[in-house]
Amino acid sequence: MLAFADAALAAAGDVDETRSVLVAALGSEAMTDAAAVIAGFDAITRVADGSGIPLEPPKAEATAGWRASLGIDAYWSQKV
């Protein structure tokens, strides 16, 4: 399931292949549920970014290191 999510969101693999593996392991209904969760999470994040909702201070502190290593703070939405 994690490989499917990674492939769907970050193009970190073959979406068709990971989808097939997920269907074989858990069935098509589970794959559809997973796809819906992935899409919903992505949409909610985009709404938060687009509307300028700030990251809460405790989360900002806890994620500072990996945000810096990934360059997330340089994203255009952080400059708005």
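A count restricted to segment 47-70 and to residues that are on the phi < 0 side of the Ramachandran plot and either polar (S, T, N, Q) or touching a residue at least 24 places away in the same chain (Cβ under 8 Å) (or both) stands at 5.
When the criteria are applied in full, residue 1 meets the requirement of being among the aliphatic types (A, V, I, L, M), in contact (Cβ under 8 Å) with a residue 24 or more places away in the chain and open to solvent by 100 Å² or more (accessible area, probe 1.4 Å). Taken together, the residues in segment 44-80 that are open to solvent by less than 50 Å² (accessible area, probe 1.4 Å), at pLDDT 85 or above and of a type in the set (Gly, Ala, Ser) amount to 3. Quick check, is residue 35 free of Cβ contacts under 8 Å to residues at least 40 places away in the same chain and within 10 Å of the chain's Cα centre (by Cα)? Answer is no for this residue. Those helices (runs of 4 or more DSSP H) of the chain in which at least 3 residues are touching a Gly at 6+ places or on another chain (Cβ under 7 Å), considering only elements entirely within it, cover 2-10. Restricting segment 4-23 to residues that are over 12 Å from the mean Cα position of the chain (by Cα) and either within 23 Å of residue 70 (Cα to Cα) or not charged (D, E, K, R) (or both), the residue that is modelled with the lowest pLDDT is 13.
Just to be sure before I move on: is residue 26 modelled with pLDDT under 95 and not small (Gly, Ala, Ser) in the structure I sent? Against the criterion (modelled with pLDDT under 95 and not small (Gly, Ala, Ser)), residue 26 does not qualify.
The values are calculated or read from the model by the stated rules, or taken from the named source; none is laboratory data. Model, not experiment: these values are computed from the prediction. Counting neighbours? That spans all protein chains shown, and the Cβs are built from the backbone with ideal geometry, glycine included. Please note that ligands, DNA and RNA were not included when accessible areas were found on the heavy atoms of the full protein model with its side chains. Shrake-Rupley method; radii C 1.70, N 1.55, O 1.52, S 1.80 Å.
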